[in-house]
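The structure appears below as C-alpha cells.
The values are calculated or read from the model by the stated rules, or taken from the named source; none is laboratory data. The shown structure was predicted, so the numbers you read here are calculated from the model rather than taken from an experiment. Glycine gets a Cβ as well: all are built from the backbone with ideal geometry, and neighbour counts include every protein chain shown. Ligands, DNA and RNA are excluded from the accessible area calculation, which covers all protein heavy atoms including side chains. Shrake-Rupley method; radii C 1.70, N 1.55, O 1.52, S 1.80 Å.
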Amino acid sequence: MYKLIFLLFLAMSTFAQSETIKIKVGEQGADSQAIELPKRAQSKNAVQAAFGEPESKTEPKGQPPINSWVYPEFVVYFESDHVIHSVRKHQSTNKIPSP
C-alpha cells in the first residue's frame, strides 16, 4: 500500500513544472522607461543644460580621463568631455512603516 502511494506521489511530482522569468536590471520597475538618461557622445555642457547641476562630481582618473556626475536617479560617466555611459540608480520601493 505504501509503495503504491509513493509511486503515485513520484509520478505526480514529475508533472510539476516551473517557469523562470528573466528581466534585465535596466527594465525592472514599473517606471523604468520614464527616466530619460543622457545619450552617448553628449557633451558635459549638453548634459548640464538638459539635466541641471549634478549632486556631485568625481575627479578625472586614468588615461583617457574618466569621471562621473551623480544625479538623484542616475549616474553619468564621461570620457574627457563626452558621455560614454549612463546608469539608472536602484530605487528602493521598501517603505519603512512609521511607529
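Among the residues of the range 40-84, those identified as within 22 Å of the chain's Cα centre (by Cα) and hydroxyl-bearing (Ser, Thr, Tyr) are SER56, THR58, SER68, TYR71, TYR77.
Looking for whichever is in contact with a helix residue (DSSP H, G or I) (Cβ under 8 Å, 6 or more places away or on another chain) and modelled with pLDDT under 95 here; the options are SER32, SER13, SER92. Which one fits?
Working: SER13 fails: in contact with a helix residue (DSSP H, G or I) (Cβ under 8 Å, 6 or more places away or on another chain); SER92 fails: in contact with a helix residue (DSSP H, G or I) (Cβ under 8 Å, 6 or more places away or on another chain).
Result of the check over SER32, SER13, SER92: SER32.
Can you name the residue in the range 35-59 that is in contact with a His (Cβ under 8 Å, 6 or more places away or on another chain) and assigned to a loop (DSSP other than H, G, I, E, B) and is also most open to solvent (accessible area, probe 1.4 Å) among such residues?
Going residue by residue through the range 35-59, those that are in contact with a His (Cβ under 8 Å, 6 or more places away or on another chain) are 40-44.
Subset that is assigned to a loop (DSSP other than H, G, I, E, B): 40-42.
Details: ARG40: 175, ALA41: 66, GLN42: 52 Å².
The qualifying residue most open to solvent (accessible area, probe 1.4 Å) is ARG40.
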